[in-house]
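In what follows, a structure is listed as structure tokens, so that the remarks can point back to it.
The values are calculated or read from the model by the stated rules, or taken from the named source; none is laboratory data. This one's a predicted model, so the numbers in the text were calculated from it and none came from an experiment. We place every Cβ from the backbone using ideal geometry, glycine too, and count neighbours over all the protein chains shown. Only protein heavy atoms, including side chains, enter the accessible area calculation; ligands, DNA and RNA are left aside. Shrake-Rupley method; radii C 1.70, N 1.55, O 1.52, S 1.80 Å.
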Amino acid sequence: MVFRSLIRTFVPRNVKRLQFIVMMKIGFDNEKYLRIQSEHIKERIAQFDGKLYLELGGKLFDDHHASRVLPGFKPDSKLRMFRQLADSIEIVIVISAEDIEKNKVRADLGITYDEDVLRLRDEFQSRGFMVGSVVITHYNGQHAADAFRHRLERLDIKSYIHYLIDGYPHNVELIASDDGFGKNDYVETTRPLVIVTAPGPGSGKMAVCLSQLYNENKRGVRAGYAKFETFPVWNLPLKHPVNIAYEAATADLNDVNMIDPFHLEAYDKIAVNYNRDIEIFPVLNALFEGIYGENPYKSPTDMGVNMVGFCISDDEVCCQASRDEIIRRYYSATNKLADGIDAEREVNKILLLFNQAKITTAYRRVTVAAQAKQELSGHTAAAIELSDGTIITSKSSPLLGCSAALLLNATKHLAGISHDVKLIPQSMIEPIQKTKIEYLGGKNPRLHTDEVLVALSVLSQNDERCRRALEQLPSLRDCQVHSTVMLSEVDRKIFKKLGCGLTCDPVRKK
């Protein structure tokens, strides 16, 4: 299997359970972030009269990447901040026609980008925000994009088309003309602060903002632009683990963190940005000069309003979490490769980032524990790191898959139930196995995680221990899990619903 040398680790020969005394720590001051970030955005709005297009990088209310690499950052922090300005905000959701065409999937939710557009709209509206429209970018006649636009029409959702522009982003003369941005649909908005967001990176959010500046100016409206993106963190070093983790997260886009040359020239100060913002800056500069006679921003970093770097309270905690995230992204990429998806470039990019971060997969404690359990037992295995640092392991057996056994072992530990206690009797498991194989035509008789939870639920009506074990499930949120075999879709979804960070060795079940 690919990259076997990285997933092999040295393991002790007598380990059943590994326990680490290191407790999970907080490395980010979320309350400070809410305070100073909202103040900074208000200051930026005041710089422009009447209209500001704010490009929102990352996620508005479920930024799980940020919460993973900055322990203490709340996934809904941006949402809580913007609620103070809800009456002034209009949201525009952007999706690339190319992503629609290839059914691109949002990895953390397991749904396609077009489905996520509809989910985001519902989520924003349920939280009191106005969603004005959807913009389909990178349009070049894609049939899937046409079908999605018809679907939006049936749902009574306004939609607009923005086209591919030859030579973008370098052909400034063409881009800032009626044959460039001028060909795009003008997105009608009614509120002073327009937040432009998308299901994921590479959707064309910035181009939508710039196109709107061009078309607003043609209509006599003086509009401004700012960028609200958490990563890369401009005032952390280029090779800081938090910034390396961002490169790993966008390895499929081949984004590269860079020293901002414009910022260095203007201020003689080092700031970190990424290649696409640096490449697009001449376009923004030309647009602002054409609209206002001068550009208020001297660098791509100036465009941003990100204050995350000022709110890190424990740098080492964030470094550790970021290294773990790089490894998580590596396993995600190698699993794609094992599934036959063309992800070799993504895997190789993350391997280079391993070198920069000076890590291997052995840095991830649950990886070491799961592989140790497999070495000792001779069976596929799994491990989970609980919130207090305790690591619980499991192995597959004729009755249970390793992930199902892991849930039982972890909940028993948390409930103070002896490891030797069998919560689900074999007499109950065997009829379920018979149904799976004989009546449903399955090949794997072992119980999956969902089947184990259903069995526990049934037994909990009359068994106090089963009830106590089930009550521990919320305690698994944010815990890290590793399996020595790629889990089924059912098992992956269960861990996702439980809020666990799952990784798997790139080994398919036999």
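For the structure I just gave you, tell me whether Ile424 is over 24 Å from Tyr363 (Cα atoms) and either of a type in the set (Val, Ile, Thr) or assigned to a strand (DSSP E or B) (or both). Taking the combined requirement at face value, the residue satisfies it. Remark: pairs (first residue in the range 473-485, under 18 Å from Ala404 (Cβ atoms); second residue open to solvent by 30 Å² or more (accessible area, probe 1.4 Å) and assigned to a strand (DSSP E or B); Cβ separation under 8 Å; 6+ apart in sequence or on different chains) = Val481/Leu502; His482/Leu502; Ser483/Leu502. The number of residues in the range 40-87 being modelled with pLDDT under 85, small (Gly, Ala, Ser) and part of a helix (DSSP H, G or I) comes to 1.
Residues are listed down the side, and each one gets a yes or a no for (1) more than 27 Å from Ile278 (Cβ to Cβ); (2) within 21 Å of the chain's Cα centre (by Cα); (3) part of a helix (DSSP H, G or I):
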position: Thr334; (1), (2), (3): yes, yes, yes
position: Leu352; (1), (2), (3): no, yes, yes
position: Val366; (1), (2), (3): yes, yes, yes
position: Leu376; (1), (2), (3): yes, no, yes
position: His379; (1), (2), (3): yes, no, no
position: Leu406; (1), (2), (3): yes, no, yes
position: Ala410; (1), (2), (3): yes, no, yes
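Identify, please: which residue in the range 340-350 is free of Cβ contacts under 8 Å to residues at least 40 places away in the same chain and part of a helix (DSSP H, G or I) and is, among those, farthest from Gln320 (Cα to Cα)? Checking each candidate, the answer is Glu344. Out of all the residues in the range 438-457, which are aliphatic (A, V, I, L, M) and surrounded by 13 or more Cβ atoms within 10 Å (Cβ to Cβ)? Across the range 438-457, the qualifying residues are Leu447, Val452, Leu453, Val454, Ala455, Leu456.
Does at least one position in the range 228-243 carry a residue that is out of contact with any helix residue (DSSP H, G or I) (no Cβ under 6 Å at 6 or more places or on another chain), assigned to a strand (DSSP E or B) and crowded, with 23+ Cβ neighbours inside 10 Å? Within the range 228-243 (the criterion being out of contact with any helix residue (DSSP H, G or I) (no Cβ under 6 Å at 6 or more places or on another chain), assigned to a strand (DSSP E or B) and crowded, with 23+ Cβ neighbours inside 10 Å), the answer is yes, since at least one residue qualifies.
Report yes if some residue within the range 194-216 is surrounded by fewer than 23 Cβ atoms within 10 Å (Cβ to Cβ) and free of Cβ contacts under 8 Å to residues at least 60 places away in the same chain; otherwise report no. Yes. Out of the range 244-275, which residues are outside any helix (DSSP H, G or I), within 20 Å of Gly58 (Cα to Cα), open to solvent by 10 Å² or more (accessible area, probe 1.4 Å) and hydrophobic (A, V, I, L, M, F, W, C)? Within the range 244-275, Val256, Met258 qualify. Scanning the range 286-308 turns up one or more residues that are within 19 Å of the chain's Cα centre (by Cα), modelled with pLDDT of 95 or more and assigned to a helix (DSSP H, G or I).
Filtering Ala370, Ala383, Ala362 for residues that are closer than 23 Å to Tyr330 by Cα, surrounded by fewer than 24 Cβ atoms within 10 Å (Cβ to Cβ) and among the aliphatic types (A, V, I, L, M) leaves a single hit, Ala362.
Do we find that Asp185 is part of a loop (DSSP other than H, G, I, E, B) and without any contact (Cβ under 8 Å) to a residue 24 or more places away in the chain in this structure? Considered against the rule, which asks whether it is part of a loop (DSSP other than H, G, I, E, B) and without any contact (Cβ under 8 Å) to a residue 24 or more places away in the chain, Asp185 comes out as no.
Matching residues to (1) touching a strand residue (DSSP E or B) at 6+ places or on another chain (Cβ under 9 Å); (2) at pLDDT 95 or above:
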site: Ala357; (1), (2): no, yes
site: Thr360; (1), (2): no, yes
site: His379; (1), (2): yes, yes
site: Ala383; (1), (2): yes, yes
site: Gln426; (1), (2): no, no
site: Lys436; (1), (2): yes, no
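For the range 104-116, residues that are open to solvent by 70 Å² or more (accessible area, probe 1.4 Å) and modelled with pLDDT under 95 total 2. Ile278 passes every criterion in (1) within 15 Å of Lys227 (Cα to Cα); (2) touching a residue at least 40 places away in the same chain (Cβ under 8 Å); (3) surrounded by 19 or more Cβ atoms within 10 Å (Cβ to Cβ); (4) not charged (D, E, K, R) apart from (2).
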